[in-house]
Structures are given as C-alpha cells and as structure tokens.
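Novice: Shown below is the structure under consideration.
The values are calculated or read from the model by the stated rules, or taken from the named source; none is laboratory data. Just so we're clear, the structure is a prediction, and the values are computed from it rather than from any experiment. Neighbour counts are summed over all protein chains in view; Cβ atoms, including those assigned to glycine, are modelled from backbone coordinates with ideal geometry. Ligands, DNA and RNA are stripped out before the accessible areas are found, and what is left, the full protein with its side chains, is counted by its heavy atoms. Shrake-Rupley method; radii C 1.70, N 1.55, O 1.52, S 1.80 Å.
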Amino acid sequence: MASLLAALKANATPSSYGAAIDDDDDDDGVLESAVEDESPSLTPSSTYVENAKYLLIVCIVWVHALEDFLSRAVIVDAESWSVRKTKIEVLNPILPYFRAWYLTLGLFVMPLFTIIAGYQSKSWLEIARGHDTKAHIMLKKIRHSSTSLLGGWVVWQALYVLVDYPTVRPLQWWSPVGVTWFLLALYIWRSSVLLFGGMKDGFIYTFVIAVAVLAGFTDTPVTANGLRFLDWQRTCTFGLYFYVGLVAVKRKHVDATLDKFTNMSTWLRVTVGWAAVGVIFGAFRLAEYLGVPFDEVEEWVFVASPYGFSSWYHSIREAALRVVLYLCVIFASMAFMLTVPVEKYWFTSYGSRTIVAYLLHRVLLNAYDELCTSFWDDDDISVSFQITMGVFVLPLVVSQVSLAPPVLKLLSPLIDPVSHATVKTPWLFNAADDARASGMMHDDATDVHVRS
C-alpha cells in the first residue's frame, strides 16, 4: 500500500493538474512543470501549441469581461441628468466597436480552444484504433478522465451555484452553470472516441458534422431555472471542433506549418493574421450598421439554442447559417494561429495552466461585476475609467492572476478533487493492485504533457 500512496502523492502534485484536459502522450518524454518558472525544453510544435493556449485563455477572459461590460453599458440610470447625458454621449459612439470585437473574439476563441483539446487527446484515438493494445492503459485513461473531469465538474458546479445562486435558482444540478459545461462536454467527447474512434476518418467527419448541424432541429429541455439540460446544444455543436483537432489536425500538419513559418517573415505572418481577423471584425461592424440585431448575431455565434421554428423554412435557413458559421470559425482560427509566436517566451509555461484560469476567471469577473454594479451610476466614477478597467485592465489582470503558480497550488484540490481524495482514503483501493496502480501512476508522470 505504501507504493500506491507514494504514486498517488506523486500524481497529485501540481504538475498533474492539467492532465485530465490534455491527455495526449508525450512522445519526447518531456514532463512540463506547472508551478515552476523554469520548464524543460519543449518540441517546436509543443511550444507553439502552449503559446496558443495562453493567448486563447487571455482572449476567453476578455470575451467574458466584454460580455459583462456590454450588459452593464446599456444600463444608464444616473441620478443626475447631466451625468446620464454624459454617459450616453461617451458610450453610444464606441459601443458598436466593442460589440463587434466581442463577437470577433467569441467567434473563434472557444472553438479553437476545443480544437486544441481534441488535438491533445490523440492518445484516446490511438486506443480506439488499436494502436495501443494495453488494457490497463485504456482503463487508466478512462478512470483518470472520469474522476478528474466529472469530479472537477461537481466541485465547480457547486461553486458556481453558490456564486450565482440568485440567478440560477431553483437548483437544477444537471444544468451546467457558467463555464462548467466544458468539463462535462469534454468527458462526453472523450468517451465517444472509444465508440467511434475506430471508424474511418470519412465516416467520423460525416457523423460529427451531421450531429452538429442536425442538433439544432432538436429541442433541449430547459430546467426550472431557465438553464439547458447538460447544455446539450453546445455539447453537440462544439463536438465538431473537438473531432477536428482529434482527427483532422495531425501532428505532421503542425510540423509542416511550423516549417513554413520558419521560411516566412514573422512580421508578414503576423500582419496577415491580424488583417484577416480585422476582416471578421469589419464584417460584424457592417452587420450592425446594416441593422442586423445584435442579439441575433450573438445567438448565431455562440450556438447555445436550437433553431427557430417561426416558419417552415426558418430552421433550414438557420441550419445553413450554422454551416456558414463553421466556415467562418475555420477562417478566423487559421488567422489567429498565424499571429501565435513559435518561439518560447515567458508565458509558454502558462499554457499548461489554462484549465485553472478557465474555471476560476468567471468567479473573479462575477466579483468585479457585483462591485461595478454598485458603483456604475456613481457620479464620482468617470465613464472613461469604467471603460478602461472593464474592457482592458480587468481581463488582463484576471487572466494573469488565474495563471499564477500560487493560485494553481492553492486550487489544486478543486481542479482534480478525486486524485487528492484518494491520497487520504487508501482503504478504497485493493491491495492486490498496488503494483499495477503504481505503474499506472508512473506512466501518467512520464507519458503525459501537463496542459489544460
């Protein structure tokens, strides 16, 4: 039993907190450190992916900060008419640009984050296709993914219920609150790989596209608190992104892309990438200028609801628009990846901590939102200060705080609660499995990149 406890303690170190999200094998035998500033050298492709994950989590925080700011910005109810008039005069000219940027980021940040999660789950595909025939390795991955993702979902679902209870009551446990939908969805996607991963790539592409598009024709039950059961629409829709990263994006594709980048001017590559992102921004700005309702565009981008059925052709039109959405996401994602640096920087190691930032940032944003709501109409707070803080400073501060090593160490029991609980409950394990369990834990520490 001592060997099992030692292995569990080693596996419960902060360097394993991201393993449930990034379960890909480490072909180079590199174990990244999630709590130390200095990490072992990574392969060029790993460095590129980690840089992308760091930039994506910053943008995800930015999207949610913009969402909160835009919801507050339409509330202009100051006590004096002069202050109210000033706020209207300041906000009205700039809000269309904030809305367009919010939609631009929202179009690709979570889809691309999901694509990378699929890309870093290729070991599941290898198991499903019989490339890895060791039954204990498959069992280890299923157990680890189940306990980490489902255990983490239970803990963070409870936390967000407590934080947002006034808006999510009555309690409906099976309706994900806030960002917890991703943990549940990732568990569903990975489990589905064991069922469909053995199929030919062509069948997988057809199946996931059909599910993503046809899911909009089905109605997802809404619980009493107004949230959707298991967030099923988004789970089905984003499942396509997961499988794109899992099946379509191969390691050789990433390596070939990096080879092309080395022969291309960095300035030219980044300029082209941001120019393409600017095209998306301009398209959203044009849509608002032409009178397309912001709420309709937002619903199209975030695909959390089924198609409308106001007329016989309405749902067919929205299904076609969803296909267009996927094409736009591919374009925007490729443009963003052009802007990602390929060299190792100070933030490269932060890419392994994104699951912590993803789960925590909403709590911090909600706290700021509650504070801001109390003072939004205060005559002493200028509109410029509120814009600077809410749109620019807040997302940067929150993302960096959430990625800090001390925060990671502090929240480790909440990120992988089951692994930490097993250290204190050895009586749950069969003593006859000590050697095998120890070997499994050693495998986890040597063949898995620590990412989120």
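Novice: How many percent of the accessible area of the range 41-422 is carbon or sulfur, using a 1.4 Å probe? Don't skip to the answer; put the middle values down first.
Specialist: Working: 11830 of 17110 Å².
That share works out to 69 percent.
Novice: Next question, about the same structure. Using the Cα centre of the range 41-422 as the reference point, and only Cβ charges (+1 on K/R, -1 on D/E), how large is the resulting charge dipole? Debye, rounded to the nearest 20. Don't jump to the answer; show the numbers that get you there.
Specialist: On the way: 29 positive and 28 negative charges, 347 e Å.
Charge dipole of the range 41-422: 1660 debye, to the nearest 20.
Novice: Sort 353-365, 336-348 for me by packing, meaning the mean count of neighbouring Cβ atoms within 10 Å per residue, highest on top.
Specialist: Those peptides, ordered most packed to least, come out 353-365, 336-348.
Novice: Here is a further query. Take the cross-link list LYS260/LYS409; LYS252/LYS424; LYS250/LYS409; LYS250/LYS424; LYS200/LYS260; LYS252/LYS409 and give me the ones stretching past 31 Å between alpha-carbons. Can you show the working numbers first?
Specialist: Working: LYS260/LYS409 38 Å; LYS252/LYS424 43 Å; LYS250/LYS409 33 Å; LYS250/LYS424 40 Å; LYS200/LYS260 29 Å; LYS252/LYS409 35 Å.
From LYS260/LYS409; LYS252/LYS424; LYS250/LYS409; LYS250/LYS424; LYS200/LYS260; LYS252/LYS409, over 31 Å: LYS260/LYS409; LYS252/LYS424; LYS250/LYS409; LYS250/LYS424; LYS252/LYS409.
Novice: Please list VAL254, VAL418 in order of solvent-accessible area, largest first, computed with a 1.4 Å probe with all protein chains present.
Specialist: Correct descending sequence by accessible area is VAL418, VAL254.
Novice: Next question. Rounded, prolate or oblate: which fits the range 41-422, taking a ≥ b ≥ c as square roots of the Cα gyration tensor eigenvalues, rounded meaning a/c under 1.5, else prolate when a/b beats b/c?
Specialist: Details: a/c = 1.40, a/b = 1.36, b/c = 1.03.
Rounded is the answer for the range 41-422, as its axis ratio a/c remains below 1.5.
Novice: Roughly how many debye, to the nearest 20, is the charge dipole of the range 338-423 about its Cα centre, given +1 on each Lys and Arg Cβ, -1 on each Asp and Glu Cβ, and no other charges? It would help to have the intermediate numbers written out before the result.
Specialist: Details: 4 positive and 8 negative charges, 138 e Å.
My answer is approximately 660 debye.
Novice: Hey, another quick one. Between SER384 and ASN263, what is 0.36 nm times their sequence separation minus the Cα-Cα distance? Round to one decimal in nm. All intermediate terms of the calculation are to be shown ahead of the outcome.
Specialist: Numbers: separation 121, 0.36 × 121 = 43.56 nm, distance 4.35 nm.
Computed gain between SER384 and ASN263 is 39.2 nm.
Novice: Also, quick follow-up: Under the definition of Cα pairs under 8 Å and six or more residues apart, what whole-number percent is the relative contact order of the range 41-422? Present the calculation step by step, with values, prior to reporting the outcome.
Specialist: Numbers: 405 pairs, mean separation 130.7, N = 382.
The normalised contact order for the range 41-422 reaches 34 percent.
Novice: While we're looking at this one, here's another question. Between MET199 and LEU214, how many nm apart are label points set 7 Å from Cα along the C-beta direction?
Specialist: Here the answer is 1.0 nm between the modelled labels.
Novice: With θ set to phi - 60° and the Karplus curve 6.51 cos²θ - 1.76 cosθ + 1.60, what are the ³J(HN,Hα) couplings of the range 328-339 in order, to the nearest whole Hz, using x for Gly and Pro?
Specialist: 5, 5, 4, 4, 5, 5, 5, 5, 5, 5, 5, 8
Novice: A further question follows. At a Förster distance of 35 Å, what's the computed FRET efficiency of PHE331 paired with TYR368, Cβ-Cβ distance as r, to 0.05? If you can, show how the numbers build up before the last one.
Specialist: On the way: r = 33 Å, r/R0 = 0.94.
In this case the efficiency is close to 0.60.
Novice: Taking only protein heavy atoms and a 1.4 Å probe, what accessible area per residue, in Å², does the range 256-378 have with all protein chains in place?
Specialist: Details: 6510 Å² over 123 residues.
Computed with neighbouring chains in place, this is 53 Å² per residue.
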